[in-house]
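Working notes, beginning with the structure itself.
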């Protein structure tokens with residue numbers, strides 16, 4: 001079977017949505033849902049693999065310029081589902097046993113607006129509401145880490161130190 005997730009170009013939110021749709025079509029047991037919306041009203045998708053009581057959570061692309069982490073995690077999802085559907089053992093691990101014992105939650109792109117902005121997608125570049133925030137950095141958007149409103153999501157969790 002030809003691979004769905006391709007590594008030959010920047011991994012935009014649109015590509016992610018298409019990959020999720022194709023993977024869901026090929027693997028109907030793949031659970032895909034939303035945990036909410038981004039500033040520009042994009043669904044922040046999550047994937048659930050497995051049905052077990054052990055729970056693990058992975059996420060990618062907190063920082064906009066780290067979109068390759070979304071690509072890597074989607075390659076993992078595709079490989080896992082392929083092995084699961086065939087009932088294969090992989091490097092000594094029974095993937096179906098992992099499925100039975102574990103629920104793996106994955107948010108493959110926490111920051112879709114920021115990712116698309118850093119890649120230079122049309123919709124984000126033409127949204128006038130937030131242009132004043134990122135425009136001073138327009139020549140270095142490939143280094144942009146924040147969301148479209150300028151918030152670094154990975155540094156914005158309430159935490160108490162001490």
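Counting only residues that are part of a strand (DSSP E or B), touching a helix residue (DSSP H, G or I) at 6+ places or on another chain (Cβ under 9 Å) and in contact (Cβ under 8 Å) with a residue 60 or more places away in the chain, which one in region 39-57 is nearest to residue 111 (Cα to Cα)?
Residues of region 39-57 part of a strand (DSSP E or B): 43-50, 54-57.
Within this subset, residues satisfying the condition of being touching a helix residue (DSSP H, G or I) at 6+ places or on another chain (Cβ under 9 Å) are 43-45, 47, 49-50, 54.
With in contact (Cβ under 8 Å) with a residue 60 or more places away in the chain added as a condition, the list becomes 44-45, 47.
Details: 44: 8, 45: 10, 47: 15 Å.
Checked region 39-57; the qualifying residue nearest to residue 111 (Cα to Cα) is 44.
Residues that are crowded, with 16+ Cβ neighbours inside 10 Å, at least 3 per element: which helices (runs of 4 or more DSSP H) completely within region 88-162 meet that?
Values: elements: 95-101, 112-119, 122-125, 131-134.
Result: 95-101, 112-119.
Every residue, every condition in (1) at pLDDT below 90; (2) within 29 Å of residue 30 (Cα to Cα), yes or no:
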| residue | (1), (2) |
| --- | --- |
| 84 | no, yes |
| 91 | no, yes |
| 94 | no, yes |
| 102 | no, yes |
| 105 | no, yes |
| 138 | yes, no |
| 142 | no, no |
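May I ask you to list the residues in region 6-34 that are farther than 13 Å from residue 109 by Cβ, in a loop (DSSP other than H, G, I, E, B) and in contact with a helix residue (DSSP H, G or I) (Cβ under 7 Å, 6 or more places away or on another chain)? Walk me through how you get there before you give the answer.
Going through region 6-34, the residues farther than 13 Å from residue 109 by Cβ turn out to be 6-9, 21-31, 33.
So of that shortlist, the ones also in a loop (DSSP other than H, G, I, E, B) come out as 6-9, 27-30.
Residues satisfying the conditions are 7, 27, 30.
What number of residues within region 21-39 are farther than 16 Å from residue 85 by Cβ and crowded, with 19+ Cβ neighbours inside 10 Å?
Number of matching residues: 1.
The values are calculated or read from the model by the stated rules, or taken from the named source; none is laboratory data. As the structure is a computational prediction, the values presented were derived from the model and not from experiment. We place every Cβ from the backbone using ideal geometry, glycine too, and count neighbours over all the protein chains shown.
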